[in-house]
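What follows is a short report on a single structure.
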Amino acid sequence: MPHLQKLFEKTKDRSDLLVLTMNVDEELGLVGPFIKEKGYTFPVLPAYSFIHNLLDSVGVPQNWILDRQGKWQWQMLGFNSMEVDWEGTTLAKLESVRKGM
């Protein structure tokens, strides 16, 4: 999540894309205090029912990039801690989808 926070910081003032998280935890009361304690400022949407109704199985973390029409263009399950520049790589993927490549 620290990497997600860095990505959010790099993109938060842009009007052409949005970085947000969807919480799939059943215990909504745990989310707010955790986010506050860690100092995260990215938006968090409660999405337990939505995600569990949308997907056959849920893995955490799971990242998706959707285009302007809402079509999934990229997804990644898990996090590769060996990725040297996750924020840069993900931002490049966001840019390529935004530009319609």
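Points to keep in mind about this one:
- Per residue, the accessible area of the chain comes to 71 Å² when a 1.4 Å probe rolls over the protein heavy atoms.
- Amide H contacts of Thr21 (H built 1.01 Å from N, in plane; Pro and chain starts excluded): Val44, Leu45 sit under 5 Å, all sequence-distant by 5 or more or on other chains.
- Over the chain, relative contact order from alpha-carbon pairs under 8 Å, at least 6 apart, %: 25 percent
- Flagged links, alpha-carbon separation over 20 Å, of Lys38/Lys71; Lys12/Lys99; Lys10/Lys99; Lys36/Lys93; Lys12/Lys38; Lys10/Lys93: Lys38/Lys71; Lys36/Lys93
- Only the Cβ atoms of Lys and Arg (+1) and of Asp and Glu (-1) were treated as charged; on that basis the dipole of the range 1-56 about its Cα centre amounts to roughly 320 debye.
- Under a 5 Å amide H cut-off, with hydrogens placed 1.01 Å from N, Trp74 pairs with Ile65 among residues at least 5 apart or on other chains.
- Residue among Leu20, Gly100, Phe50 farthest towards the positive dipole end of the chain, charges placed on Cβ: Gly100
- Sequence-ordered 3J(HN,Hα) estimates for the range 80-92 from the Karplus curve with 6.51, -1.76 and 1.60 and θ = phi - 60° stand at 8, 5, 7, 5, 6, 10, 4, 4, x, 4, 5, 4, 4 Hz, glycine and proline given as x.
- Counting only DSSP H runs of at least 4 residues, each contributing -39500 (n - 2.57), and dividing by the residue count of the chain, the helix-based mean residue ellipticity at 222 nm comes to -11000 deg cm²/dmol.
- Student exercise, the chain dipole from Lys, Arg, Asp, Glu Cβ charges, in Debye to nearest 20: 380 debye
The values are calculated or read from the model by the stated rules, or taken from the named source; none is laboratory data. Since this is a predicted model, take the numbers as computed values, not measurements. Methodologically, a virtual Cβ is constructed for each residue, glycine included, from the backbone with ideal geometry; neighbour enumeration extends over all protein chains shown. We work out accessible area using only protein heavy atoms, side chains counted, and drop any ligands, DNA or RNA first. Shrake-Rupley method; radii C 1.70, N 1.55, O 1.52, S 1.80 Å.
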